[in-house]
1. How big is the Rg/Rh ratio for the stretch 178-224, C-alpha atoms only, Rh by Kirkwood, two decimals?
2. Give the shape of the chain as rounded, prolate or oblate, defined through the alpha-carbon gyration tensor: a ≥ b ≥ c are the square roots of its eigenvalues, a/c under 1.5 means rounded, and otherwise the shape is prolate if a/b is larger than b/c and oblate if not.
3. With a cut-off of 8 Å between alpha carbons and a minimum separation of six or more residues, what is the relative contact order of the stretch 47-108 in percent?
4. What residue among F181, F88, F42 shows peak mean-square fluctuation when the chain is described by a Gaussian network model with Cα springs under 10 Å?
5. Sum up the charges of everything whose Cβ sits under 14 Å from the Cβ of P27, counting Lys and Arg as +1 and Asp and Glu as -1, but leave P27 out.
6. When the chain is fully extended, how far beyond the present Cα-Cα distance does S132 get from H210, taking 0.36 nm per residue of separation?
7. Could you state the number of Å between the C-alpha centres of the stretch 51-114 and the stretch 126-140?
8. Given a Förster distance of 41 angstrom, what is the FRET efficiency for A57 paired with A8, based on the Cβ-Cβ distance and rounded to 0.05?
Amino acid sequence: MPPDKVAAYADSLCYTDLVAGYYIGAPDELLAAIADLSSWFFGWDDRHDRDAVHGRAERWAGLCRALHRTLQDPAEQLHHADPLVAGFADCVTRLYSHLGRRWNERFARHFHPVIDAYDHEFGNRRTGTVPSVEAYIELRRLTFAHWVWIDLLEPTAGRELPDEVRRHPAYREAARATQDFSAWYNDLCSLPKELAGDEVHNLGISLIHHEGLSLEEAVREVHRRVSECVRDFLAVEPDVLEIADSWGGKGAEGREVKAAIESCVFNMRNWFSSVYWFHHESGRYRVESWADQTLPPYVSDLEIPETPGSELAGIDLSGGEE
């Protein structure tokens with residue numbers, strides 16, 4: 001955003017406020033990095049939309065390549081000509097400073113597929129393809145960056161969780177429930193904005209297009225699924241806390257793991273209230289107040305400079321939820 005739009009809209013968008021409620025306990029410098037990543041994500045999402053609308057395929061492809069490279073070596077991209085790339089490099093550099101190489105590599109493995117999923121959405125936007133409900137749900141779990149946000153619970157807790165905890169079905173189910181809630185509640189609140197902008201990626205839009213639901217029926221169905229996520233989380237939360245208790249008798253390290261698990265599940269729970277609050281406070285979803293409902297007033301729809309970059313080489317983009 002240019003300075004005048006920053007002054008007019010930045011605070012009311014509440015981007016940095018969003019994460020404060022669901023990374024409670026994070027050191028200030030970590031919380032600031034996560035908040036900046038959250039703000040960056042919204043900016044990236046808006047660039048994705050504008051590039052798709054205007055058919056800027058080469059520029060979009062160059063941006064994706066640059067973001068992939070940033071995950072491998074963020075320091076090399078800190079002074080990139082595109083502020084979106086440089087800003088991402090800054091966030092990643094700061095996040096990589098907390099838990100070490102193993103966590104950093106996992107974060108990168110989980111973020112590469114997010115970039116690819118956004119690219120897949122770009123193709124859908126250009127062709128007007130509305131994914132089926134099932135395909136959309138799987139795609140949304142990537143574009144919402146489910147596992148990236150779950151990964152960030154660990155530096156907030158102060159330590160990396162053992163593989164056996166992260167891969168436990170109860171832990172994964174709790175994570176899935178809190179992230180599906182957040183993604184689908186976002187779909188519910190952004191549905192008017194995305195219908196106005198001819199978007200094709202929204203759970204409600206997939207339900208309308210492929211299941212033959214009316215707008216009112218689709219809203220009720222998304223609301224039902226969102227509510228089910230809350231019930232799913234509450235049902236599995238005691239199981240995750242039992243896992244935490246099982247570590248309590250394993251000496252000093254076990255007690256640290258127990259505290260870390262408790263921190264993670266506590267902040268998973270906080271996602272529900274924080275996401276709800278954000279969507280009713282942020283100006284991002286107040287479509288009725290926009291002069292042009294297809295273009296948010298805080299977005300400057302200007303030409304974007306070319307993003308230089310070569311083809312990827314030697315980067316593992318397989319991702320995987322682990």
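The values are calculated or read from the model by the stated rules, or taken from the named source; none is laboratory data. Everything numeric here is computed off the predicted structure, so don't read it as measured data. Neighbour counts are summed over all protein chains in view; Cβ atoms, including those assigned to glycine, are modelled from backbone coordinates with ideal geometry. With ligands, DNA and RNA removed, areas are computed over all heavy atoms of the protein, side chains included. Shrake-Rupley method; radii C 1.70, N 1.55, O 1.52, S 1.80 Å.
1. Values: Rg = 9.8 Å, Rh = 10.5 Å.
Using only Cα positions, Rg/Rh for the stretch 178-224 is 0.94.
2. Details: a/c = 1.66, a/b = 1.24, b/c = 1.33.
Verdict is oblate for the chain.
3. Working: 36 pairs, mean separation 14.6, N = 62.
Computed over the stretch 47-108, the figure is 24 percent.
4. For the chain, modelled as a Gaussian network with Cα springs under 10 Å, the answer is F42.
5. Numbers: positive: R94, R159; negative: D28, E29, E154.
Result for the local shell: -1.
6. Additional length available on full extension: 27.5 nm.
7. Each part's Cα centre sits 24 Å from the other's.
8. Details: r = 31 Å, r/R0 = 0.76.
That gives a FRET efficiency of 0.85.
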